[in-house]
1. Would you call PHE73 buried (at least 23 other Cβ atoms within 10 Å of the Cβ) and closer than 18 Å to ALA378 by Cα?
2. For the stretch 144-157: of the residues being within 14 Å of the ligand (Cβ to nearest atom) and touching a residue at least 24 places away in the same chain (Cβ under 8 Å), which is surrounded by the fewest Cβ atoms within 10 Å (Cβ to Cβ)?
3. Which one of ILE344, ILE327 is aliphatic (A, V, I, L, M) and more than 16 Å from the ligand (Cβ to nearest atom)?
4. Answer yes or no: is there a residue in the stretch 332-341 that is in contact with a Phe, Trp or Tyr (Cβ under 8 Å, 6 or more places away or on another chain) and within 16 Å of the ligand (Cβ to nearest atom).
5. Within the stretch 160-187, how many residues turn out to be surrounded by 21 or more Cβ atoms within 10 Å (Cβ to Cβ) and away from the ligand (no atom under 13 Å from the Cβ)?
6. So for the stretch 312-322 (the condition being in contact (Cβ under 8 Å) with a residue 60 or more places away in the chain and either more than 35 Å from the chain's Cα centre (by Cα) or not in a loop (DSSP other than H, G, I, E, B) (or both)), does at least one residue qualify?
7. What strands (runs of 3 or more DSSP E) lie completely within the stretch 29-120 and have 2 or more residues being within 12 Å of the ligand (Cβ to nearest atom) and of a type outside the set (Lys, Arg)?
8. What are the pairs with Cβ atoms under 7 angstrom where one residue, in the stretch 45-56, is under 11 Å from PHE105 (Cβ atoms) and the other, located anywhere, is among the β-branched types (Val, Ile, Thr) and surrounded by fewer than 17 Cβ atoms within 10 Å (Cβ to Cβ)? Sequence gap at least six, or different chains.
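The values are calculated or read from the model by the stated rules, or taken from the named source; none is laboratory data. Remember, it's a predicted structure, so these values are computed and weren't measured experimentally. Cβ placement follows ideal geometry from the backbone for every residue including glycine, while neighbour counts extend to all protein chains displayed.
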Amino acid sequence: MKDETRVAVVGCGPAGLMAATVLSDAGLSVDIFDTKSSAGRKFLVAGRGGLNLTHSEQADAFAARYGNNAEIFRKLLADFSPDDLRAWLRELGVETFVGTSGRVFPKDASAHDILKTWIEILGKRGVVFHYRHRWQGFSKTGAPLFLPENNIPLEFPAKAVLLALGGASWPQTGSDGSWAALLAARDVHLEPFRPANCGIEVAWSEHFRTRFNGKPLKNLLLRCGDRQAIGDVVVTAHGLEGGPVYALSGVIRDLLKKGSPVPLLLDLKRDLPLERLKDKIARRCGKESFANFLRKTIHLTGPAYSLLREICSPEDLRDPTVLAECIKNLSIPVVNTRPLAEAISSAGGVAFAEVNTDFMLRKLPGVFVAGEMLDWEAPTGGYLLQGAFTTGHLAAQGLLKWLGPPGQSVKTPPDHFSPCNHNKFIGQSIL
Ligand SMILES: Cc1cc2nc3c(=O)[nH]c(=O)nc-3n(C[C@H](O)[C@H](O)[C@H](O)COP(=O)(O)OP(=O)(O)OC[C@H]3O[C@@H](n4cnc5c(N)ncnc54)[C@H](O)[C@@H]3O)c2cc1C
């Protein structure tokens, strides 16, 4: 039987939809809101490049991907794991497979198919979708406030609220981070948004920029301090993009922020040890051009040779030993990271210290948060969606726990405006 308790989920991304799934499964009346005219826009964008839902690596390695928050995620992932996610997807009718890289993808379904089925199921369960409703904070009675399309503010009488408003990258998908000011005004501590999994800026010459924009550099190794990543990189008009760049972009961003030098080194021939490379270069006969020699003997193709010319001096290229060093450790002069709006994800948002183990904001009892709006970051590889699904699932369970068993009189929504209420709920911190 349907419980008459109404709860509001705000944000129709993976975290919010997962929360709505858990809450409606428990029999609650769920209303879900989004500022956009449809659900899951960033999820659909993620689907364009091959929807990488999660990863198959073992638990400790998986949790380590969350960096400073590895310990928190080790516990969270034990409660809603990548296997749990795959089992849930199977129930939804979506089979998954593990790719050669260990990444997990849907077998025969697109992001659009998954979203469509998911929304239909939620609709059949009675979840009410309110699109074009922008969350604007809380009313004087603590109810969530929305600005619908008709511009007449709506105060929604929810017994509890779960916010899953996303991070601040790709604002065109609806996740513009403007919610941060609303929570900061309620004394919730937020870490500033920063780009994560983003490209880097390099001040290319006009010639290199126009000639090689969009060209790939294949199978190289990128190193920054003790971190390294392997794969293909793409030259862009602004600098470099691609998996290895994204993997190191957080470290690069933090070094730039501190004003420290960025020791970003690119190995263009990662399969050839330095000494063998030196040998090969030393055997070059004088007649052949350097470009031809490097293409034929070292197999340096694409923009690789031009990249060497772009960064190294003519003297460096003439000296076989220095040239070999340049090929193995080409120092990339990073100027900046690409802007937040272009990044795949964002770091920053609600600090974990602000929520209890059930994802309830300690200063706003009855208000739960989940997904990328929390301050965590992880590399690409399925860790972002897994993080959103896991926190959405667990925050919804936290909300159920807070409401108590069905039939039990529900808690009165708190008055979030009253400063004396801010420290009323002394929950255990998730940290
Ligand atoms: C190009 C790209 C590719 C990606 N590929 C992958 C991938 O392959 N694998 C992976 O794991 N991750 C990937 N990601 C990241 C992944 O999509 C996100 O981490 C994930 O969508 C976050 O889920 P979320 O529910 O927390 O937030 P979001 O998906 O951002 O959803 C938040 C929702 O809240 C709504 N909202 C925001 N503010 C308000 C407001 N004030 N009022 C009402 N509604 C509001 C938004 O409209 C949005 O619908 C990719 C991201 C991008 C940009």
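1. Yes.
2. Result: PHE156.
3. Selected residue: ILE327, the only one of ILE344, ILE327 that is aliphatic (A, V, I, L, M) and more than 16 Å from the ligand (Cβ to nearest atom).
4. Yes, the conditions are met somewhere in the stretch 332-341.
5. Counting residues in the stretch 160-187 that are surrounded by 21 or more Cβ atoms within 10 Å (Cβ to Cβ) and away from the ligand (no atom under 13 Å from the Cβ) gives 1.
6. Start the filter on the stretch 312-322 by keeping residues that are in contact (Cβ under 8 Å) with a residue 60 or more places away in the chain, which leaves none.
No, every residue in the stretch 312-322 fails to be in contact (Cβ under 8 Å) with a residue 60 or more places away in the chain and either more than 35 Å from the chain's Cα centre (by Cα) or not in a loop (DSSP other than H, G, I, E, B) (or both).
7. Where strands (runs of 3 or more DSSP E) fall fully within the stretch 29-120 and carry at least 2 residues being within 12 Å of the ligand (Cβ to nearest atom) and of a type outside the set (Lys, Arg), they are 29-33, 103-106.
8. Within 7 Å, the pairs are SER56/VAL98.
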